[in-house]
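Below: the structure, in structure tokens.
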Amino acid sequence: MLAQRMNRLGTENAFAVALRAMQHTEQGNIVYPFHLGDLNFKTPEQITNAMFKAVQEGKTGYCPAAGIMPLREALAEDINNTRKTKYTAENVLVQTGGKPVIAKFLLGFMDEGDEVLFPNPGFPIYESFIEFLGGIAKPYGFKETQNGYSIDFKALEKAVSSKTTCIIINDFQNPTGSEATQEEREKLAEFILKHKLMALVDEAYFDIRYEGQSHSLLEIEEIRERVVMLYTFSKKFAMTGWRVGAMFVPTKYIPQLSKLNVNIESCTPHFAQYGALEALHLPQSETQKMLTSLQERRDIAVTMLNQIQGIHCPSPNCAFYLFPNVTKLMEQKGFANDYKGFAEDVLIKTGVSFCTREHFGKILPHETEKFIRLAFSGVTVTQIKDALTALKEYAQQ
């Protein structure tokens, strides 16, 4: 018999949408895959060559559980340059991607029955792991603004209690594409200190930005002893399948958290870490190619979406997701409160496949507006144009 906790384990809902899209494709239909946040770019050759070289040199066995020292040193240097921190290699624990950081943060800082604040809408794995490990998931939401979406601090204050021990903060956010302002980061820091919380700061999309400069909560020195940061190679370097990431941890917690690496996976694959090391030494021109392409996709998609009757879509400065408001379109089509029916109708009639607000956490009681998420990381410019032309025709029917 399965353990009771297995009934509390959720999933990344985009994969369920992907299955439905695949079925539609197998029936001979065209599908425009906006549902999955994967990248249709090859990992740069310098990275794969470094990995192959490591394999050929026999780096195929175990390595230190915390990661190889050259990679940990390079990661510390990179984060210090971009977040104004003072990390050393000792603060870095290499991981098999970003998701293990979520699990290990909760394993390390949350006891059964503790409350954890998490963003909703947000990456569904947060809520899944909180509940799986016996915590109580307390959501906080976002408010739609002229320029995008901002944290609902009233909801945040309402959600916290004496049982709250942790908060998860996803800056450069999936699914909304939003980022915190400096004022919001300062308010978050005050909130963390006031309530004596441990914070997981997920900055997976820190380097995927099109205008301006990314800033981090970690720039606020007073809270660094209460922050664990999630880092992943998946996005910036088109390495989603490589499963290499890292967690940045205050020094006093390293001995215990490193034991989780030993107990769960022993180590991140040795040779993959040498590919990741090479990634950190790539010239900016290499990563800029992908960003330029993504920005072109964003600009075309946002322009076309805002020309569709019943849709309003902000233009995000970061990540590769659009989170358009489709309230009016759903009402026009007779799906006012039926996300599933709307998504299926659009798929059948246009081939456009996407995730809805429901795929990113339970709908909050005060929510009345309707949203969908379109990932533009895995579609070409031609596909975007064809897909959104079909969606516009659908809206006009």
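The values are calculated or read from the model by the stated rules, or taken from the named source; none is laboratory data. For clarity, every value in this text was computed on a predicted model and none was experimentally measured. All Cβ positions, even for glycine, are placed from backbone atoms using ideal geometry, and neighbour counts span all protein chains on display. When the accessible area is computed, the model is the full protein with side chains, heavy atoms only, and any ligands, DNA or RNA have been set aside. Shrake-Rupley method; radii C 1.70, N 1.55, O 1.52, S 1.80 Å.
Things worth noting here:
- Rg(Cα)/(2.2 N^0.38 Å) for region 94-143, N = residue count: 1.13
- Region 332-381: trypsin sites (Lys or Arg not before Pro) falling in loop per DSSP and having at most 10 other Cβ within 10 Å: none
- Value of [θ]222 nm, deg cm²/dmol, for the chain, DSSP H segments ≥ 4, -39500 (n - 2.57) each, nearest 500: -12500 deg cm²/dmol
- Using alpha carbons only: equivalent-ellipsoid semi-axes of region 249-397, gyration tensor based, whole Å: 38, 22, 14
- Per residue, the convex hull volume that the Cα atoms of region 105-233 enclose (Å³): 105 Å³
- At q = 0.27 Å⁻¹, base-10 log of I(q)/I(0) for region 333-397 (Debye sum, equal scatterers on each alpha carbon): -1.29
- Considering only ALA189, ALA279, ALA155, the Gaussian network model of the chain with Cα springs below 10 Å gives its largest mean-square fluctuation to ALA155.
- 25 °C / 0.890 mPa s Stokes-Einstein diffusion coefficient of region 222-265, Kirkwood radius on C-alpha pairs, µm²/s: 205 µm²/s
- For region 32-79, the list of chymotrypsin sites (Phe, Trp or Tyr not before Pro) that fall in a loop by DSSP and count at most 16 other C-beta atoms within 10 angstrom reads PHE41, TYR62.
- √(5λ) per eigenvalue of the Cα gyration tensor, the chain, largest first, Å: 33, 26, 20
- Among the protein heavy atoms of the chain, carbon and sulfur supply 51% of the accessible surface, probe 1.4 Å, non-protein parts ignored.
- The chain: antiparallel DSSP beta bridges as a percent of all, rounded to 5: 50 percent
- DSSP-loop trypsin sites (Lys or Arg not before Pro) across region 83-157, with at most 13 other Cβ within 10 angstrom: LYS84, LYS86
- The Rg/Rh ratio for region 250-319 is 1.25, where Rg is the radius of gyration of the alpha carbons and Rh is the Kirkwood radius.
- For the pair LYS349 and GLU286, the difference between a 0.36 nm per residue extended length and the Cα-Cα distance amounts to 18.8 nm.
- For region 272-341: accessible area per residue (Å², 1.4 Å): 42 Å²
- Largest-first ordering by accessible area, 1.4 Å probe, given options LEU197, LEU280: LEU280, LEU197
- Tensor-based shape of region 31-98 (alpha-carbon gyration tensor, a/c under 1.5 rounded, otherwise prolate or oblate): oblate
- Choice from PRO70, PRO119, PRO365 showing the highest fluctuation, given a GNM over the chain with Cα pairs closer than 10 Å: PRO365
- Spatial separation of Cα centroids for region 51-124 and region 177-206, in angstrom: 19 Å
- Region 199-241 shape via C-alpha gyration tensor axes, a/c threshold 1.5: oblate
- Paramagnetic reach from PHE41 in region 254-298 [backbone N under 15 Å; point 7 Å along Cα→Cβ]: 279-298
- Result for the chain in a Gaussian network model with C-alpha springs under 10 Å: among GLN256, GLN295, GLN309, the largest mean-square fluctuation is at GLN256.
- Of the beta bridges in region 88-195, as assigned by DSSP with both residues counted there, near 25 percent are antiparallel.
- All-pairs Cα distance distribution in region 156-232, expressed in whole percent, bin size 10 Å: 18, 53, 26, 3, 0
- 14 Å beta-carbon shell around ILE130, net charge (K/R +1, D/E -1): 0
- Between helix 284-305 and the chain there is an angle of about 30 degrees, using the helix long axis and the longest principal axis of the Cα atoms.
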